[in-house]
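The values are calculated or read from the model by the stated rules, or taken from the named source; none is laboratory data. Given the structure is predicted, the values throughout are model-derived calculations rather than measurements. Cβ placement follows ideal geometry from the backbone for every residue including glycine, while neighbour counts extend to all protein chains displayed. To get the accessible areas, we keep the full protein, side chains included, count just its heavy atoms, and leave off ligands, DNA and RNA. Shrake-Rupley method; radii C 1.70, N 1.55, O 1.52, S 1.80 Å.
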Amino acid sequence: MKMASCACAPLSVTGMIQRSFKISKFLLPQSTCSSGYLRLSHSRNYSQSVVNPVENGNGDVNFAVTPTATILNGKTYPVDEYTNVNPKILSYTCRKLHLQKYNPLCHVKRRIIDFIYKEFPSRTRSPLFSVFDDLDPAVSVEQNFDSILIPKDHPSRKKSDNYYLNNNHLLRAHTSSHQAELIRSGLNNFLVVGDVYRRDEIDKTHFPAFHQVEAVRLCGLHDVFRDENIARELKLFETGKCVRTPEKQETHTVDAVMMMTSALKTTLIKLVQHLFGKDVETRWVETFFPFTHPSWELEVNYNGEWLEVLGCGIMEQSILQNAGAGDKIGWAFGLGLERLAMKLYQIPDIRLFWSVDSGVVHQFKVDDPYAPIIYKPVSQYPPCKNDISFWLPENSTFSSADFYDLVRSIGGELVEQVSLVDEFYHKKKQRWSHCYRIIYRDMSKTLTQEEANVIHAAVEQAAAKNLRVDIR
Ligand code: PHE
């Protein structure tokens with residue numbers, strides 16, 4: 001994401017959150033499957049070959065791709081005009097980094113769960129919050145968008161921003177896609193931790209697969225107003241005239257929203273203090289999400305940079321009503337694990353979370369998730385820079401996102417960055433030209449220019465064939 005990589009703009013941890021679901025701006029962000037599950041030519045977009053079922057290391061079959069269907073976690077998704085997943089992206093679903101005990105993402109996840117358990121002690125022996133960290137990342141369009149009121153024409157639904165299995169299913173773009181079903185199942189307090197997928201530009205802070213933690217808390221009258229006498233006097237819902245204001249939804253009372261907001265904000269400030277230390281400076285930024293109102297982002301000042309760490313708000317009441325919890329009022333937040341962990345451990349490149357290189361993996365092999373680890377760069381291997389210029393196809397839509405995907409599916413984790421460095425319109429030819437710079441770098445050994453050239457030639461060929469561009 002541009003904002004994060006630019007030195008003068010505030011660094012955003014949940015940049016993906018901001019870009020995809022806020023109303024204003026809109027755009028939208030990969031890994032090693034250790035055993036090299038995928039070979040270049042296996043991407044369905046680029047050839048019609050069949051990729052056989054893949055094992056995830058536990059012996060479980062994870063996915064298979066045929067020209068007519070994708071089989072993922074035992075379910076079959078027929079291919080249609082919406083299908084834009086490729087074997088590379090599907091392979092990430094088998095890694096489950098947040099469940100790998102020594103992955104930095106897992107350490108941060110454990111710190112967050114710890115905090116929530118301590119903050120919300122339960123009266124029974126089981127914790128108040130249920131944790132779901134292994135829900136299927138393939139969700140329906142209804143789960144990802146409709147169930148949380150994302151309008152039919154909202155840009156976050158675009159094919160160019162998501163990985164669709166077909167017109168009905170996609171790899172979830174956020175953990176909020178599980179809110180409605182979990183509420184419907186009767187839960188009032190839960191966390192969802194999982195891998196999410198978005199198509200995006202390629203740089204050190206973006207990877208098409210990343211991880212989020214979602215929290216939802218629903219409260220009844222007596223949870224909101226703890227004091228019996230106060231609870232007798234006050235209400236959660238308006239009975240008279242109902243108007244939506246910047247401060248509240250039409251159905252909620254000002255009192256209820258004030259109490260919920262204060263509980264939400266206090267919890268979140270404590271959470272970031274728990275992660276970054278007591279002295280962390282924070283600021284609230286008002287924002288808009290289709291599924292919460294009012295909504296905020298929380299930014300933290302960390303080493304001199306403002307860093308967006310999460311999105312949150314009071315849940316839209318109709319989500320609760322539709323899920324059978326209309327008598328409660330709820331708050332929710334969603335945070336991005338990668339950028340949080342990058343800052344905590346000073347990890348300079350998002351691809352490192354997916355590394356199987358022992359020099360990287362070893363540094364996080366600690367049982368205590370609170371161990372104060374500072375990542376030490378494994379010697380930096382030199383980058384190779386290759387440019388590619390082409391004329392865009394005439395009379396057809398070309399999206400940079402398709403090109404980024406193509407580069408990633410061919411170059412895999414060797415691709416560090418792809419940037420559009422030049423574009424112009426040739427009047428006589430009446431055609432657009434794009435020039436992209438691709439930086440190739442191996443994280444664990446020196447990649448020679450000759451090796452990079454081989455990959456680059458494959459990128460050129462595939463671009464010409466599949467995107468119908470004319471290489472210049
Ligand atoms: N799902 C939002 C995103 O990924 C984050 C969010 C979750 C915001 C819950 C508010 C409440 O952009």
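For the chain, what is the percent of antiparallel DSSP beta bridges, rounded to the nearest 5?
Just about 95 percent of them are antiparallel.
Taking all protein chains in place and a 1.4 Å probe, what share, in percent, of the accessible surface of the chain do carbon and sulfur account for?
That share works out to 52 percent.
Using label points projected 7 Å from each Cα along Cα→Cβ, tell me how many nm separate D153 and Y102, to one decimal.
For D153 paired with Y102, the spin-label model returns 5.3 nm.
Pop a pseudo-label 7 angstrom from the Cα along the beta-carbon direction at both F132 and E281 and give the gap in nm to one decimal.
3.9
Taking amide hydrogens as modeled 1.01 Å from N in the peptide plane, which residues meet the under 5 Å criterion relative to V131, leaving out close sequence neighbours?
Distant-sequence amide H within range of V131: L191.
Tell me the mean residue ellipticity at 222 nm calculated for the chain from its helices only (DSSP H runs of n ≥ 4, each -39500 (n - 2.57), averaged over every residue, nearest 500).
After summing the helix terms and dividing by the residues of the chain, the value is -7500 deg cm²/dmol.
Could you compute Rg(Cα) / (2.2 N^0.38 Å) for the range 223-264, with N its residue count?
Against the compact-globule rule of thumb, the ratio is 1.15.
Label 7 Å along Cα→Cβ of Q380; the range 195-209 residues with amide nitrogen under 17 Å?
Under 17 Å, as judged by backbone N against the label point of Q380, lie 203-205 of the range 195-209.
Under a straight-distance cross-link criterion of Cα-Cα below 23 Å, which lysines are reachable from K385, leaving out those fewer than 8 residues away in the same chain?
Filter leaves K2, K88, K204, K445, K465.
Once ligands and nucleic acids are excluded and a 1.4 Å probe is used, how much of V139 is accessible, expressed in Å² to the nearest 10?
Accessible surface of V139 is approximately 0 Å².
With a Förster radius of 25 Å, plug the Cβ-Cβ distance of V243 and S160 into 1/(1 + (r/R0)^6) and report the FRET value to the nearest 0.05.
About 0.10, to the nearest 0.05.
List the pair-distance distribution P(r) of the chain, using every Cα-Cα distance, as the percent of pairs falling in each 10 Å bin from 0 up to the bin containing the longest distance, rounded to whole percents.
Percent of pairs per bin, in order: 4, 19, 30, 26, 14, 6, 2, 0.
Could you pull out the pairs from K343/K365; K109/K265; K96/K158; K75/K159; K159/K343 whose alpha carbons sit more than 24 Å apart here?
Table pairs above 24 Å Cα-Cα are K96/K158; K159/K343.
Taking a probe of 1.4 Å, how large is the accessible area per residue of the chain, in Å²?
Per-residue accessible area for the chain comes out at 43 Å².
Convex hull over the Cα atoms of the range 166-272, averaged projected area in nm²?
That works out to 10.4 nm².
Spin-label point model (7 Å from Cα, Cβ direction): what's the E250 to H222 distance in nm?
Here the answer is 3.2 nm between the modelled labels.
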